[in-house]
Amino acid sequence: MSVGRVSGFVLLAMMASATVAHAGPYVTARGAVIMDAATGEVLWEKNADEPYPPASTTKVLTAIIALESGRLDDSFGVSEFASETAPSKINLHPGQRMRLRNLLYAVLLNSANDAAEVVAEGLGGTQVGFAERMNEKARAIGARSSHFVTPHGLTAPGHVASAHDLALIFRYGLRLPLFREILETRSIEVPFDSGGLQTVALHSHNRLLTGYAYPVIGKTGYTRPARRCFVGAGTHDNREIVIALLGATDLWGDAKRMFSWGFGAAGDEAPRVLAAGMLPSLPHALVRRPSAAAAIDDDAGSTESARAAAASLFAVQLGPYPTRRTAQATRARLAHRGYTAMLTGRSLRLGSFSNEARARRLASRLRLTGYRPVVVALR
C-alpha cells in the first residue's frame with residue numbers, strides 16, 4: 001500500500017472518530033446530566049454519579065422538605081446564628097419573623113443563606129437535625145450519591161451531591177405546585193411578620209427565566225470550591241427535560257447547549273467536529289474541504305445548516321443491554337477505540353448525522369469489530 005493511501009486511511013479514521021465526538025453537548029462542567037422529566041430516563045450524562053460540592057443547588061432539597069412540612073403559614077423566628085450566616089443573604093436580624101411560605105421565596109429566588117438557616121432551625125430544631133431530614137428525604141427520592149450537611153450549600157466537609165441526584169431531586173420538586181410557582185417568579189416583595197422592616201424585595205438569579213428560547217425554571221449555585229452550578233427544567237413542544245451541572249466555568253453556555261441538545265436542536269450550539277490542532281500536518285492533497293452536506297454536522301455558526309440538521313438526524317445505537325452497568329462498560333471499551341458514546345438508559349448512541357448513509361458507514365465499522373449496531377432516527 002502506498003504512503004499516500006496509508007495517510008489517507010489515517011485521516012479518514014481520525015475524521016470518523018472525531019465525527020462521533022459531539023454525540024453529546026459540549027460542557028465545561030465537571031458533572032452534568034440531561035434527564036427526561038416525565039420518565040426519569042437519562043438522555044445524556046458526564047460524570048453524573050460523581051459527587052461534587054453543589055453550592056446553593058442544595059436549597060432545592062431544603063425547599064422540598066419545607067413545602068411538604070404542612071407548615072407554610074407558620075411564622076418562624078430569626079436566631080442570632082441564622083442572622084450571622086455568610087452571604088448571599090437578605091440581611092435578616094435576630095427577632096424578626098417571617099412565614100415559611102415567604103422564606104421559601106427568599107431561599108429559591110435570592111438564594112438567601114440566612115433564610116435557609118431559619119427554615120432549617122424552624123423545621124429541624126438545629127442545622128444537624130435538619131441535615132438528617134435532608135439525607136433521609138434524598139434517599140427516599142433515590143439520590144444515593146449525595147450527602148448533605150447544611151441547608152444552604154456553603155462549603156462544609158462531606159457536603160456533596162452528584163448531578164444525577166440533583167436532577168432526581170429537582171424532578172421530584174416539579175410535582176409540588178408551589179415549587180413551580182416560586183421558581184417561575186422573576187421578582188416579588190414578601191412581608192415580615194415583625195421586626196422593623198415591612199417587606200423585602202426578592203429577585204430570581206436564573207438568567208434563563210425570561211428571554212430564552214425555552215421557558216426554564218431552576219436554581220443556581222456558586223462557591224469557589226464548587227464553581228458554578230445549576231439545576232433546572234425547560235419545556236418545549238409539550239416536553240420537559242431536567243438538567244443539572246456542577247463545577248462549570250461557562251454556566252449559562254453549558255445550560256443552553258444542554259437544553260438545545262436535549263430538545264433535539266443539537267446543531268444549534270454544538271461544537272465543531274474537528275477542533276483546531278486535531279489533525280497532524282498532512283500533504284495538502286489529502287486535506288479536502290467538507291462538502292455542503294458534511295458542513296451541516298460541522299458548522300455551528302450556520303443557522304440554515306443547524307435547521308437542516310435538526311430536521312433529520314440519525315445516530316447509531318447499541319443495545320439495550322441487560323443492565324446500565326453493562327452499557328457503561330461497553331462505553332468504556334468504545335472510548336479505548338476512539339469513539340464517544342452517549343448513555344441513554346441501557347443503550348448507547350454514537351454520532352449525530354445529517355443523512356442515514358453516513359450513520360450506516362459508522363454502523364458497518366462497528367459491526368466489523370463485533371458489535372451489533374442499528375441506525376436510529378433522532379427526529
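Being among the charged types (D, E, K, R) and in contact with a Gly (Cβ under 8 Å, 6 or more places away or on another chain) is the filter here, so list the residues in the stretch 75-123 that pass it.
Arg97
Taking Met35 as the residue in question, decide whether it is of a type in the set (A, V, I, L, M) and over 25 Å from Arg207 (Cα atoms).
So Met35 fails the test.
Name the pairs: first residue in the stretch 128-154 and on the phi > 0 side of the Ramachandran plot, second residue part of a helix (DSSP H, G or I) and surrounded by 13 or more Cβ atoms within 10 Å (Cβ to Cβ), Cβ to Cβ under 7 Å, at least 6 apart or on different chains?
Once the first residue is on the phi > 0 side of the Ramachandran plot and sits in the stretch 128-154, its partners that are part of a helix (DSSP H, G or I) and surrounded by 13 or more Cβ atoms within 10 Å (Cβ to Cβ) give Gly142/Leu168; Gly153/Ala55; Gly153/Ser56; Gly153/Thr57; Gly153/Thr58; Gly153/Lys59.
Considering only the stretch 335-379, state which residues are touching a helix residue (DSSP H, G or I) at 6+ places or on another chain (Cβ under 6 Å) and of a type in the set (S, T, N, Q).
Matches in the stretch 335-379: Thr340, Ser352, Ser354.
Which of the following residues is at pLDDT below 70, under 21 Å from Arg257 (Cβ atoms), touching a strand residue (DSSP E or B) at 6+ places or on another chain (Cβ under 8 Å) and not β-branched (Val, Ile, Thr): Ser312, Ser352?
Just a single option satisfies the conditions, and that option is Ser312.
Here are some residues: Gly122, Gly95. Which one is surrounded by fewer than 24 Cβ atoms within 10 Å (Cβ to Cβ) and either of a type in the set (Val, Ile, Thr) or in a helix (DSSP H, G or I) (or both)?
Of the residues listed, the single one that is surrounded by fewer than 24 Cβ atoms within 10 Å (Cβ to Cβ) and either of a type in the set (Val, Ile, Thr) or in a helix (DSSP H, G or I) (or both) is Gly122.
If I filter the stretch 318-334 down to residues being touching a helix residue (DSSP H, G or I) at 6+ places or on another chain (Cβ under 9 Å) and either of a type in the set (A, V, I, L, M, F, W, C) or within 23 Å of Tyr26 (Cα to Cα) (or both), which single residue comes out as modelled with the lowest pLDDT?
My answer is Leu334.
Scan the stretch 75-105 for residues that are more than 19 Å from Gln127 (Cβ to Cβ), among the small types (Gly, Ala, Ser) and at pLDDT 95 or above and jot them down.
Ser75, the sole residue that qualifies.
Could you list all residues from the stretch 342-359 that are closer than 14 Å to Val376 by Cα, surrounded by 17 or more Cβ atoms within 10 Å (Cβ to Cβ) and of a type outside the set (Ser, Thr, Tyr)?
Selection gives Met342, Leu348, Arg349, Leu350, Gly351, Phe353, Arg358, Ala359.
The values are calculated or read from the model by the stated rules, or taken from the named source; none is laboratory data. Predicted, not measured: the structure shown is a model, and the values here were computed from it. Because the Cβ atoms are built from the backbone with ideal geometry, glycine has one as well, and the counts that use them run over all protein chains shown.
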